[in-house]
Each structure stands twice: as C-alpha cells, then as structure tokens.
Amino acid sequence: MGLKDGYGLLIGTKSDYYRDPPDNYGRYYHGNLVIHAPAGNYHCAIDVDPKFMPDGIQWRVVNIRLNDFAAVKAMPDGWHPLVSNPNSGALDYIRSYVLHPPIMIWNVRYDSCLSRFLNVIRWNPPWNSGTGIQALTDLEAVIAQGVRFYMFGEPFHTGLGVHNIHQNQGDPIGGGYDDENAIWQDGGTIIETAQGTFVGFLNKFKTQAFKTDNLGRPV
C-alpha cells in the first residue's frame, strides 16, 4: 500500500538538533533535526527505536558520488513530493543505484586484493547492528559535517515535518507495519559537506528484511 501521507524529500539547512529524552531503560527513540526551508522550520524525526530488542537497530553510513546525486542536488530548498520509482530521486535501500554503485564501472588499478576489498567497503559498507544510542552517535557524526540536508520520508499529516525516516519496506507480514510496505519510498538522511561531498545515514529495524519483492514484502 505504501506510506499513507505520501513520500518525498525535504532540502534545507540545519536549524537545530536534539535527541528524544531517554526512557526508563536509557533507550533513545529519535534523533530530531530541525531543517530550515522557505516554508519554515520542519521537524524531522529520525527513528532509532530498538523495538524492545537490545540490538534492534541496523544502520550504515555511505559515501555518495556527486554524479549519482546531481539531479537531487540541483533541486531548490523546500519540500518535494516524489513518485515512488527509480527516476524521481526516490530512495530504495535495496534497489537504488545511488546507494549501491557497481564497483566495476571505475577505471581503478588494483595493486592487491586488499585494495580492491577496501574500495568495495568504501562504497558498499556493511550494516551495523546495535542500540539506539549507538546509531545516534554515528548519525550525529554525519550531521556535524552537513551544510545542506536532504531528508527523505513521509510528510507530517499536519504541520511542517518529516517522519518515517528509515527503511519503509520489508516489515514482517502481520507485524503491524506491513500495510505500509512498498518499494522506492525509503527514508534517509543525506548531507552535503562544505567540500561538496555527500554522505548518507541509512537506518532500519532488525525486524525488516534485506530482500523484498516488488510490493516491498519480505522474501
């Protein structure tokens, strides 16, 4: 079915950042970015709720090539609704070329198996598993580098904001969130640095599958 209030991209600059207060067990549920755009300040809630699992969050930090992100970079600041397909700029953790650039397209001379391995890790790093506070620590290191922010997710039903800033497919059938499973609608935090490079923070829940069918259902 997909996200109930649509899907899109917010572009702007950071006005503020804060964590949710921890619960009685010391767990953090969201990192909150306030992004300034022409319509005002948007509250962007980045979900790292461990879902009652001690290591229930999975995340990775990815480098994104300028050429792959050029069309999105050219968009003006503000909210942009996106069609859920590979041509709109939408993100898909499993299918996006921008998140999984094929290694063989670079004209690189590898002097050893180690150098080839390190190049693969640079562009396709493995997923981490851990707690919300561990995920937020890596998220905040990414945020600290940003001068322009690209926030993918679902707009608030009322007010200015973006939520579902995480993978939005692969939820288990019957688990309570599977009615929003769909492809090409994943949330994420991508930042542009002062040097003109791009870094993405991608986050999902351990319960979500790494492979899905064309309806976003786990396989």
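The values are calculated or read from the model by the stated rules, or taken from the named source; none is laboratory data. Please read all numbers here as calculations on a predicted model, not as lab measurements. Here Cβ is always computed from backbone atoms with ideal geometry, including for glycine, and neighbour counts include all displayed protein chains. Remember, those area values only see protein heavy atoms, side chains included, never the ligands or the DNA or RNA. Shrake-Rupley method; radii C 1.70, N 1.55, O 1.52, S 1.80 Å.
Here are some notes:
- When Rg and the Kirkwood Rh are both derived from Cα coordinates, the Rg/Rh ratio for the range 1-45 amounts to 1.09.
- Within the accessible area of the chain, the carbon and sulfur atoms contribute 57%, probe 1.4 Å, all protein chains present.
- Centre separation in Å (Cα based) which lies between the range 4-66 and the range 125-186: 7 Å
- Tensor-based shape of the range 1-78 (alpha-carbon gyration tensor, a/c under 1.5 rounded, otherwise prolate or oblate): prolate
- Among Thr189, Gly78, His30 - extreme Cα towards positive end, dipole of the chain, charges at beta-carbon: Thr189
- Anchor Lys14: lysines whose Cα lies under 30 Å away (excluding residues fewer than 8 positions away in-chain): Lys4, Lys51, Lys73, Lys204, Lys206
- The overall shape of the range 139-192 is prolate: from the C-alpha gyration tensor, with semi-axes ordered a ≥ b ≥ c, the ratio a/c is 1.5 or greater and a/b exceeds b/c.
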